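Peer 1: Before we start, here is the structure in question, set down as C-alpha cells.
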Amino acid sequence: RKNLTFFSIGLLTSWGTALLGVRLYWMGNKPPSFSNSDNPAADSDSFLTRTLTFFYLPTKNLWLLLCPDTLSFDWSMDAVPLLKAVSDWRNLHTVAFYAGLLLLTYSSLKGSSSERECNGKTVMNGKQNANGHSCHSEMECKTLEVKSSFASKEENGIKKHEMQKLQLPSTENIVILSLSLLIVPFVPATNLFFYVGFVIAERVLYVPSMGFCLLVTVGVRALYVKAQKRFVKNLIFCSTAALIVFYGLKTVVRNGDWQNEEMLYRSGIKVNPAKAWGNLGNVLKSQGKISEAESAYRNALYYRSNMADMLYNLGLLLQENSRFSEALHYYKLAIGSRPTLASAYLNTGIILMNQGKTEEARRTFLKCSEIPDENLKDPHAHKSSVTSCLYNLGKLFHEQGHYEARLQICLQYYDKTFDALMVYKEAIQKMPRQFAPQSLYNMMGEAYMRMSRLPEAERWYVESLRSKSDHIPAHLTYGKLLALTGRKSEAEKYFVKAIQLDPTKGNCYMHYGQFLLEESRLIEAAEMAKKAAELDNTEFDVVFNAAHMLRQASLNEEAEKYYEMAAGLRPNVSTFLM
C-alpha cells in the first residue's frame, strides 16, 4: 500500500511538472509580465512592504471565507492598501492567523501520531473507537462502544474485510485533509515562488473553500460532541443552521450582482472604484449611454489619473462624438502614461490627418512604427495598431501623390534593401492572426495599380474580397480596375454592389458617378453626384467632385451650388475658389 501511495504521488508530481514545463514553453520560456497596478506589492521597492503585505494577504483571503460580506470581481490596484510599517494594526491579524494555523496543524499531527492499532480497533488517547473516530469525551466513548457492540451483534454474518470498509477516518486525519485542501491549492497564489498578476482573486479560493467547509464541519461536530447539556447542543445546531441559511442568502444576493456586467461592475465600486468605474464606462458606452459612459470614465480617472487604458477609452469616446480637440488631449495623456500604447498613436495620427495636419500625422505614425516589441501589455493588439499605422502612413503619402516616399518609409521601418513591394508582402506575412487583412490586400492592389501592373493588382483586389466579401473599398478599387481593362459591365456590377452594401455612404455613389461620367452617361452621373453630396455634405472631395460632374452634365446652376459649398468647406485654398 505504501508503494502504491508513493507511485501515485510520483505520478502526480511528474504530470504536474510536465504541464508546467509545457505551459512555460508556450509562454516563450519566461514568466508572464504584469502591469504595476495588477500587483502593487510586487512592484514595491521596499522589502519590508513586500514582506508584510504578502504575509497579510492570506489573512485577508481567510476573512473572505469566514465573512464574505464584501466581495469584488477585481482586487487589484489599491483595493488592499500596502502594509508599509510594522506599526500597521493589520499585522496583528497576520500574527493571529499564522499562530492559529500552526496551532491547528500541530494539534492535528500530534493527535494523528498517537493513533495506534489494537485488536483491529483504533485506539485514540487510550479510548477504543470501532469506527475510527477519536473520542472527544468519556460519554462519547461509552456511547460509541455500546453502538459498536450492538452493531457487532447485528452484523454477525458480515466478513471481517467488509467491516474494515465501513471504518471512517479519524478526526485528526480529516483535519489534516482539510488543511491540505485549504493550504496547498492556495500556495501558488501567495507570491512565494513567483509574483502573480493580482492582489486577491476570489477564484483561487474555490478549491480551498472545500477544505474550509470541511474544517468548519469538524469543528462544529467537536463542539456538539463535547456539549453535555441538551440546550447547548440545540444552540450549536440552531447556530449552524442559521449560518447555512445566511450564507445561502448571501449567495442569492451575490448571484444578483452577476446577472449582467453592469450590475457586477457597480457592485465592485466600493472595493476598486478605479477599475469598476472604467469597466462600467465600457458597458455604458456599448449600451449607447454616452454621457453616462463619459462620467464613468472621468470617475475612474478621479481615483487613478494615470490609467493609460482609461485615458485612451475616454479619448476614443470623445473622438467618436466629434470632439477631436478633447480626444487629442486624452490620447496625449495616455501616451505620456504608457509610451508603448500604439493604438493611441494611431488614433492621434488619424485625427491629425483628417484635420489636414499631415506633417504631424506623419511623425505620429512613424513614431508608432518605431515602438519596440518588448514588455507590451497586449502584443497582438500592438501589432495590429502598428500595422494600421503603416497602412495609414501609406494612405497619407498616396493621397499626397508621394508614392516613392511611401515606399521609402516602409523600407526604413523594416530595415530592408530589396524591392518595396516585397516589403509590403513581408508586412502581410508578419501581421498578427487576428488582424483583418482586407485593407492591406487592397493597399497592395493600389500599389500595383500605381505601377500599372494590372494583373498583380487584380490578384490582390480579389484576395481582399476573398478575405472579406463585403469590403466596400475593394469593390470600388476593383471596379475601377475592371473599367480600366475594358470589362465595363462587370465593373458596373461592383459599383452597384458597393452601394447596396452601404446605401448611406456618399463615396460609393461618387465612384459610380465617375464611372458613368467616363461612359458619357451624364444624366445618370449627375444623379449619383447629387446623391453623394447630399449624404456626405461635409466631405470636401465628395462635394467638389459632385460639382465637377454636374458641370460636365451642363447642370450649371446645381454645379454652382456645390462649388460654393466646397469653397465654404475649404475657404483658404485658392485653387478651389478658382
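The values are calculated or read from the model by the stated rules, or taken from the named source; none is laboratory data. Remember, predicted model here, so these are calculated numbers, not experimental data. Neighbour counts are summed over all protein chains in view; Cβ atoms, including those assigned to glycine, are modelled from backbone coordinates with ideal geometry. These accessible areas exclude ligands, DNA and RNA; they are computed on the full protein's heavy atoms, side chains included. Shrake-Rupley method; radii C 1.70, N 1.55, O 1.52, S 1.80 Å.
Peer 1: Of the residues ALA242, ALA222, which is part of a helix (DSSP H, G or I) and either in contact with an Asp or Glu (Cβ under 7 Å, 6 or more places away or on another chain) or exposed (fewer than 11 other Cβ atoms within 10 Å of the Cβ) (or both)?
Peer 2: Numbers: ALA222 fails: either in contact with an Asp or Glu (Cβ under 7 Å, 6 or more places away or on another chain) or exposed (fewer than 11 other Cβ atoms within 10 Å of the Cβ) (or both).
Selected residue: ALA242, the only one of ALA242, ALA222 that is part of a helix (DSSP H, G or I) and either in contact with an Asp or Glu (Cβ under 7 Å, 6 or more places away or on another chain) or exposed (fewer than 11 other Cβ atoms within 10 Å of the Cβ) (or both).
Peer 1: Which residue pairs have Cβ atoms under 8 Å apart, sit 6 or more places apart or on different chains, and have a first residue in segment 317-334 that is assigned to a helix (DSSP H, G or I) and a second that is of a type in the set (A, V, I, L, M, F, W, C) and surrounded by fewer than 15 Cβ atoms within 10 Å (Cβ to Cβ)?
Peer 2: LEU317/ILE290
Peer 1: To continue, here is another question. Quick test for you: out of LEU522, LEU569, pick the one residue that is surrounded by fewer than 21 Cβ atoms within 10 Å (Cβ to Cβ) and more than 29 Å from TYR461 (Cα to Cα).
Peer 2: Details: LEU522 fails: more than 29 Å from TYR461 (Cα to Cα).
Going through LEU522, LEU569 in turn, just one is surrounded by fewer than 21 Cβ atoms within 10 Å (Cβ to Cβ) and more than 29 Å from TYR461 (Cα to Cα): LEU569.
Peer 1: Can you pull out every residue in segment 294-315 that is hydroxyl-bearing (Ser, Thr, Tyr) and either more than 19 Å from ILE351 (Cα to Cα) or outside any helix (DSSP H, G or I) (or both)?
Peer 2: Scanning segment 294-315 gives SER295, TYR297, TYR302, TYR303, SER305.
Peer 1: Looking at SER574 and the list (1) at pLDDT 85 or above; (2) more than 47 Å from the chain's Cα centre (by Cα); (3) of a type outside the set (Lys, Arg), which single condition is not satisfied?
Peer 2: The number of the failed condition is (1).
Peer 1: What is the residue count in segment 186-216 for residues that are open to solvent by less than 50 Å² (accessible area, probe 1.4 Å) and either assigned to a helix (DSSP H, G or I) or farther than 16 Å from ASN39 by Cα (or both)? Don't jump to the end; show me each part of the working.
Peer 2: Taking segment 186-216 first, the residues open to solvent by less than 50 Å² (accessible area, probe 1.4 Å) are 186-187, 189-191, 196-202, 204-205, 208-209, 211-212, 215.
Okay, now just the ones that are also either assigned to a helix (DSSP H, G or I) or farther than 16 Å from ASN39 by Cα (or both), so 186-187, 189-190, 202, 204-205, 208-209, 211-212, 215.
The total comes to 12.
Peer 1: Given the options HIS511, HIS475, name the one that is surrounded by 18 or more Cβ atoms within 10 Å (Cβ to Cβ) and in the same structural domain as ALA547 (by the TED database).
Peer 2: Sole residue among the options that is surrounded by 18 or more Cβ atoms within 10 Å (Cβ to Cβ) and in the same structural domain as ALA547 (by the TED database): HIS511.
Peer 1: Quick check, is ILE523 part of a helix (DSSP H, G or I), at pLDDT 85 or above and β-branched (Val, Ile, Thr)?
Peer 2: no
Peer 1: Among (1) assigned by the TED database to the domain that holds LYS60; (2) at pLDDT 90 or above, where does LEU249 come up short?
Peer 2: (1)
Peer 1: Would you confirm whether or not segment 35-43 contains a residue that is open to solvent by less than 30 Å² (accessible area, probe 1.4 Å), in a loop (DSSP other than H, G, I, E, B) and not hydroxyl-bearing (Ser, Thr, Tyr)? Walk me through how you get there before you give the answer.
Peer 2: At the first step, the residues of segment 35-43 found to be open to solvent by less than 30 Å² (accessible area, probe 1.4 Å) are 37, 39-42.
Narrowing the set further to residues that are in a loop (DSSP other than H, G, I, E, B) leaves 37, 39.
If we keep only those that are not hydroxyl-bearing (Ser, Thr, Tyr) as well, we get 39.
Yes: segment 35-43 contains one or more residues that are open to solvent by less than 30 Å² (accessible area, probe 1.4 Å), in a loop (DSSP other than H, G, I, E, B) and not hydroxyl-bearing (Ser, Thr, Tyr).
Peer 1: Can you run down the residue pairs with Cβ atoms below 6 Å, 6 or more apart or on separate chains, where the first is in segment 497-509 and among the aromatic types (Phe, Trp, Tyr) and the partner is surrounded by 19 or more Cβ atoms within 10 Å (Cβ to Cβ)?
Peer 2: TYR509/MET528; TYR509/LYS531; TYR509/ALA532
Peer 1: Moving on to the next point. Condition test on LEU104, is it touching a residue at least 12 places away in the same chain (Cβ under 8 Å), under 29 Å from TYR247 (Cβ atoms), open to solvent by 50 Å² or more (accessible area, probe 1.4 Å) and not in a loop (DSSP other than H, G, I, E, B)?
Peer 2: Spelling it out, LEU104 is indeed touching a residue at least 12 places away in the same chain (Cβ under 8 Å), under 29 Å from TYR247 (Cβ atoms), open to solvent by 50 Å² or more (accessible area, probe 1.4 Å) and not in a loop (DSSP other than H, G, I, E, B).
Peer 1: Next question, about the same structure. Identify, please: which residue in segment 265-288 is touching a Ser or Thr at 6+ places or on another chain (Cβ under 7 Å) and either hydrophobic (A, V, I, L, M, F, W, C) or under 15 Å from MET307 (Cα atoms) (or both) and is, among those, surrounded by the most Cβ atoms within 10 Å (Cβ to Cβ)?
Peer 2: Of everything passing the filter in segment 265-288, LYS275 is surrounded by the most Cβ atoms within 10 Å (Cβ to Cβ).
Peer 1: Does PRO32 satisfy the condition of being assigned to a loop (DSSP other than H, G, I, E, B), at pLDDT 85 or above, within 26 Å of ALA274 (Cα to Cα) and of a type outside the set (Phe, Trp, Tyr)?
Peer 2: Values: assigned to a loop (DSSP other than H, G, I, E, B): yes; at pLDDT 85 or above: no; within 26 Å of ALA274 (Cα to Cα): yes; of a type outside the set (Phe, Trp, Tyr): yes.
Criteria not met by PRO32.
Peer 1: Next up: Tell me which residues, restricted to segment 270-302, are in contact (Cβ under 8 Å) with a residue 40 or more places away in the chain and of a type in the set (A, V, I, L, M, F, W, C).
Peer 2: Within segment 270-302, VAL271, ALA274, ALA276 meet the criteria.
Peer 1: Got a number for residues in segment 335-377 being in a loop (DSSP other than H, G, I, E, B) and exposed (fewer than 14 other Cβ atoms within 10 Å of the Cβ)? Before the answer, list the steps.
Peer 2: To start, the set of residues in segment 335-377 that are in a loop (DSSP other than H, G, I, E, B) comprises 338-341, 355-357, 370-377.
Subset that is exposed (fewer than 14 other Cβ atoms within 10 Å of the Cβ): 339, 355-356, 370, 372-375.
Residues flagged as in a loop (DSSP other than H, G, I, E, B) and exposed (fewer than 14 other Cβ atoms within 10 Å of the Cβ) within segment 335-377 amount to 8.
Peer 1: From the set of residues in segment 107-130 that are charged (D, E, K, R) and surrounded by 10 or more Cβ atoms within 10 Å (Cβ to Cβ), which is modelled with the lowest pLDDT? Reasoning before the result, please.
Peer 2: Kept after step one, since they are charged (D, E, K, R), are these residues of segment 107-130: 110, 115-117, 121, 127.
After this cut, where a residue has to be surrounded by 10 or more Cβ atoms within 10 Å (Cβ to Cβ) as well, the list is 110, 115, 121, 127.
Working: LYS110: 73, GLU115: 53, LYS121: 47, LYS127: 44.
Top of the filtered list is LYS127.
Peer 1: From the list VAL22, VAL95, VAL80, which residue is β-branched (Val, Ile, Thr) and open to solvent by 90 Å² or more (accessible area, probe 1.4 Å)? Spell out how you get there, then give the answer.
Peer 2: Details: VAL22 fails: open to solvent by 90 Å² or more (accessible area, probe 1.4 Å); VAL80 fails: open to solvent by 90 Å² or more (accessible area, probe 1.4 Å).
Exactly one of VAL22, VAL95, VAL80 is β-branched (Val, Ile, Thr) and open to solvent by 90 Å² or more (accessible area, probe 1.4 Å), namely VAL95.
Peer 1: Looking at VAL252, is it surrounded by fewer than 19 Cβ atoms within 10 Å (Cβ to Cβ) and part of a helix (DSSP H, G or I)?
Peer 2: Details: surrounded by fewer than 19 Cβ atoms within 10 Å (Cβ to Cβ): yes; part of a helix (DSSP H, G or I): yes.
Judged against the criteria, VAL252 is a match.
Peer 1: Still on this structure: Mind listing whichever residues of segment 44-77 are at pLDDT 90 or above, open to solvent by less than 30 Å² (accessible area, probe 1.4 Å) and among the polar types (S, T, N, Q)?
Peer 2: The answer is THR49, THR53, THR59, ASN61, SER72.
Peer 1: While we're here: Specify which of the listed residues (ASN36, ASN91) is touching a residue at least 12 places away in the same chain (Cβ under 8 Å) and under 18 Å from ILE200 (Cβ atoms).
Peer 2: Working: ASN36 fails: touching a residue at least 12 places away in the same chain (Cβ under 8 Å).
Result of the check over ASN36, ASN91: ASN91.
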